[in-house]
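Trainee: My questions will all concern the structure given below.
Here, each number is a calculation from the coordinates, and none is a lab measurement. Note that the structure is predicted; figures quoted are calculated from it, not measured. All Cβ positions, even for glycine, are placed from backbone atoms using ideal geometry, and neighbour counts span all protein chains on display.
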Amino acid sequence: MADCRYIPECDFYHDRLDGMPATAEFMKTLFCHKQVESCARYLYQYHKETDEVPRDLMPYEKDKAQQLMDGAS
Ligand code: SF4
């Protein structure tokens, strides 16, 4: 898959979140450039049609993204 469409504004991609994991660069390669639709932040942003992604939502937290989407819709 192509690079994530949200790269320009993504706070995770640009290291703007508190508590960035040590594996962030690996995650960017994996999620942002290869498995975009597996990224929790992508899913949240895509389905909620918002730029306001929770600051503590990490790419690997797909279940948490689903709960947030279910609870807030
Ligand atoms: S894949 Fe996820 S972490 Fe990467 S740029 Fe897109 S929304 Fe951000």
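Trainee: At 7 Å along Cα-to-Cβ for each site, give me the label-to-label distance between GLU52 and LEU30 in nm.
Mentor: Once both label points are built, they end up 3.0 nm from each other.
Trainee: What lysines does LYS48 reach when the alpha-carbon gap must be under 20 Å and sequence neighbours fewer than 8 apart in one chain are set aside?
Mentor: Output for LYS48: LYS62, LYS64.
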